Amino acid sequence: MCGIVGGWFAFDGSQLRDSMNLALEAMRLRGPNDRGAIFIEDSNGTVALGHTRLSIIDLSSGGHQPMESACGRYSIIFNGEIYNYLELRAELKDLGVVFITNSDTEVLLAAWMQWGATSLSKLSGMFAFVVLDRGEETLTCVRDAFGIKPLFYSQESSLFIFASELKALQLIKAEKCELNWQTSYDYLMYGAYDSNNQTFIENIEHLLPGHLLVFDAKKRVLSQPVKWWNPDRSAKDIGFKGATEMLREIFLKSIRLHLRSDVPVGAALSGGLDSSSVVCAIRYLDKQIPIHTFSYIARGSPLSEEGWVDQVNQFVGAKSHKILVSPEEMMADLDDMILAQGEPFGTTSIYAQYRVFREAKNSGVLVTLDGQGADELLAGYSGFPGQRIHSLIDKGEYLKAYRFLIHWSAWPGRSFSGGLKRLVGELTKNSGFYTYLRKMNGEGAGVSWLNESMLLEHGVKLGFPTKQKSDDLIIGRRLIETLYSSLTLDGLPSLLRHADRNSMRFSVESRVPFLTTEMAEFLLSLPESYLVDYTGETKHIFRAAMKEIVPENILYRKDKVGFETPQSDWLNILMPQLKKWVSCDLSIPFLNHDSVLAYFDSAIKNPLSDTSKIWRLVNFYRWYKQFLLK
């Protein structure tokens, strides 16, 4: 696990080297064990590649980067892990490849040299890497299928730059960083972020999950991003029993691969099905391995999962590390967390995760396994009833659709009217009527502290951000299409960003064994009823697959809530301090500063049940002061 930075520059000299050194230093926590950089001049300019290393596999100097091929043509810098590197190494050795280290980086470079971009489908791992081809004079940038590892990039005239973190990219960027108004509006108004290629800084983009791009130095041209992972989502029914056995095999294989490490491994445990399955699968595969679990506990709150956490830890014989946090602690750590995240983020729950990784580091555990991604693959807590019913309607199964809604509504925390609202929203999405319905539901009403006329003059699109339509939608597979979108655009990317930045802040590697292309391709090919059955049970096939691995009371609990902190309670307590934090006028044209202060005054006098906009304003103000206010 590492940090990468570099690009192709039209100049050389001490200024470039100084900027690269500053960028590497800014990412020192991503890679505290080693650091390296190379600078190569030719007639087209200078290519610079820099790397900071967190040693997890092959702790020797054999894993040093940038790594060059024996022939001298290729160089690679790589952030991530290739979990099946031993299997790929054996395959490449059979083809005559000679290895001189035990690192997965050398295997990745050899695979790229042997198979090019087709090697990507062979990888089980998380990665963002850049390959320099001196022969073609190109830089190829690649991001893993789910965007587990970050990669930012920018092009200014003939300059092309990239980095694992925004703060590193800022240090090698020639032009001044300016605020992206559209991203800022979407975030402040709707809490939307990390759902497209745009960042909070103008002219700096994310390379989207499952994409690659190429910079051609001879032509000074940056290609359009190309999607390298686009799974077949058509239904393939192999029978529920056979599918259950296959899913169990795929999951256990993934856990086995994700346990490969030359440093201690632990697990983040929330008490829900996903993280509990990860912990129980570790014990199922290895009866002797010591297991350390790390859990945020909202003790004294209805949101507390402590009882479920205790049951899992007792079942596997784990050493439990419980993290209790207070709103005052969050305030003390907020600026550090915002600096680590690099961009504004959604809720205070990110702080609980921040503390989990801090405790892991303090306990000497440098790798954690996490249940992230299971909700997006297996239809989550609610089961996406609108999309599930829409699929049944597509197929003319109206009675089944009605019966599903009835059964779905009977579960705790659900209602018939709630399911009906979701269905109407699903049927009217991407239409003006959908926007009208959201306003009727209290969403999207204007706020006094946003200058909408100024935003419109600047070209900002007002209203709830529309979701990108699938080009290859399969009628009757609405739920599957929504899950695929959640995996790659709308939902999971922001969660993975939080985990990457929080874990790297403490030099801990966070692994997500649900997120392999093999598992995703398998689950996205199943009949929708295998994921959400006709009774409304979510994760139906996974519960069946985990029998005899996970305790039944965990498998079939019905009261699971999302990972949350008591945000409204915390922020209402802290409101006077929060107002002080937004008292500084940032002189942002679209923010009415006096109205912001009045909004906080009103919240102090009348505590809010929904503090989401308050949190986003505070987060945005503190981020802007750190990153853009000079």
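Annotations
- Across region 495-503, coupling constants 3J(HN,Hα) worked out from phi with the 6.51/-1.76/1.60 Karplus curve, θ = phi - 60°, read 5, 5, 4, 4, 5, 4, 5, 5, 5 Hz, and Gly and Pro carry x.
- Surface share of carbon and sulfur [accessible, 1.4 angstrom probe, percent] for region 514-563: 51 percent
- Relative contact order %, the chain, counting alpha carbon pairs below 8 Å whose residues are six or more apart: 16 percent
- The phi torsions of region 581-590, fed into the Karplus equation with coefficients 6.51, -1.76 and 1.60 and a -60° offset, translate into couplings of 6, 9, 6, 7, 6, 7, 6, 8, x, 8 Hz, rounded to whole numbers, with Gly and Pro shown as x.
- Cα-derived Rg over Rh, computed across region 570-616 with Rh taken as Kirkwood radius: 0.95
- Report note on the peptides 273-284, 597-608: ranked by the mean count of other C-beta atoms within 10 Å, highest first, their order is 273-284, 597-608.
- Rounded percent of accessible protein surface that carbon and sulfur make up, region 75-225, 1.4 Å probe: 48 percent
- The residues of region 289-408 present an accessible area of 37 Å² per residue when probed at 1.4 Å with all protein chains retained.
- Per-residue Karplus couplings for region 17-34, computed as 6.51 cos²θ - 1.76 cosθ + 1.60 with θ equal to phi - 60°, are listed in order as 5, 5, 5, 5, 5, 5, 5, 5, 5, 5, 10, 4, 6, 6, x, x, 9, 6 Hz, Gly and Pro entered as x.
- Extension gain for the segment Ala117 to Ala235, taken as residue separation times 0.36 nm less the Cα-Cα distance, is 39.8 nm to one decimal.
- Under 16 Å of direct C-alpha separation, and excluding same-chain neighbours fewer than eight residues apart, Lys558 reaches these lysines: Lys539.
- Relative contact order [Cα under 8 Å, 6+ residues apart], region 550-618, whole percent: 43 percent
- Its Cα gyration tensor gives the chain an equivalent ellipsoid; the semi-axes, largest first and in whole Å, are 36, 32, 25.
- Calculated SAXS-style log₁₀ I(q)/I(0) at q = 0.10, 0.13, 0.19, 0.22 Å⁻¹ - region 161-272, Debye, Cα scatterers: -0.61, -0.92, -1.12, -1.22
- For region 3-33, backbone nitrogen atoms closer than 12 Å to the point 7 Å from Glu68 Cα along Cα-to-C-beta are found at no residue.
- Of Lys122/Lys236; Lys241/Lys400; Lys253/Lys322; Lys236/Lys421; Lys176/Lys361; Lys167/Lys429, those spanning more than 26 Å from alpha-carbon to alpha-carbon: Lys253/Lys322; Lys236/Lys421; Lys176/Lys361; Lys167/Lys429
- Candidate aspartates and glutamates for bridging to Lys219, where Cα separation is under 12 Å - those fewer than 8 sequence places away on the same chain excluded: Glu136, Glu137
- Cross-link reach is defined here as a Cα-Cα straight distance under 16 Å, omitting same-chain residues fewer than 8 places apart; for Lys173 the lysines meeting it are Lys630.
- Ordering of 526-539, 25-38 by packing [mean C-beta count within 10 Å, highest first]: 526-539, 25-38
- Computed over region 9-157, the convex hull of the alpha-carbon atoms projects to a mean area of 9.2 nm².
- One chain, two ends: Ser61 and Leu324. Fully extended at 0.36 nm per residue, the span grows by 90.8 nm beyond their Cα-Cα distance.
- Region 524-630 - Rg over Rh from alpha carbon coordinates, Kirkwood radius: 1.25
- Peptide ranges 489-498, 620-629, 145-154 listed from the most packed, as the mean C-beta count within 10 angstrom indicates: 145-154, 489-498, 620-629
- Top positive-direction residue, dipole computed over region 171-257 with Cβ charges, set Leu171, Ser234, Ile250: Ile250
- Region 1-65 - percent of accessible surface contributed by carbon and sulfur, probe 1.4 Å: 47 percent
- More than 11 angstrom apart: percent of Cα pairs within region 228-276: 79 percent
- The modelled label-to-label distance for the pair Thr535/Leu597, using points 7 Å beyond Cα in the direction of Cβ, is 5.9 nm.
- For region 1-94, the gyration tensor built on C-alpha atoms gives an oblate shape. Its axis ratio a/c (a ≥ b ≥ c) is at least 1.5, and a/b is not larger than b/c.
- Only Lys, Arg, Asp and Glu carry charge here, each on its Cβ (+1 for the first two, -1 for the last two); on that basis the chain has a dipole of about 1060 debye about its Cα centre.
- Label point of Asn203 set 7 angstrom out along Cα-Cβ; within region 8-38, no amide nitrogen lies under 14 Å from it.
- A full extension of the chain between Asn553 and Gln626 corresponds to an added length of 21.6 nm, given 0.36 nm per residue minus the alpha carbon distance.
- Placing a label point 7 Å from the Cα of Leu22 along the Cα-to-Cβ line, the residues of region 150-177 whose backbone N sits under 13 Å from it are 167-177.
- Equivalent-ellipsoid semi-axes of region 224-372, from the Cα gyration tensor, Å, largest first: 30, 23, 16
- The radius of gyration of the Cα set in region 58-140, together with its Dmax, comes out at 11.8, 32 angstrom.
- Think of a 1.4 Å ball rolled over the protein heavy atoms: region 489-630 then has 36 Å² of accessible area per residue.
- Rg [Å, one decimal], Dmax [Å, integer] - region 455-586, C-alpha atoms: 20.5, 61
- Sequence-distant residues sharing a close amide H with Ser55 (under 5 Å, placed H): Asn33
The values are calculated or read from the model by the stated rules, or taken from the named source; none is laboratory data. All figures in this text were calculated on a predicted structure; none of them were measured in a lab. Glycine gets a Cβ as well: all are built from the backbone with ideal geometry, and neighbour counts include every protein chain shown. Protein only, heavy atoms only, side chains kept; ligands, DNA and RNA dropped before computing areas. Shrake-Rupley method; radii C 1.70, N 1.55, O 1.52, S 1.80 Å.
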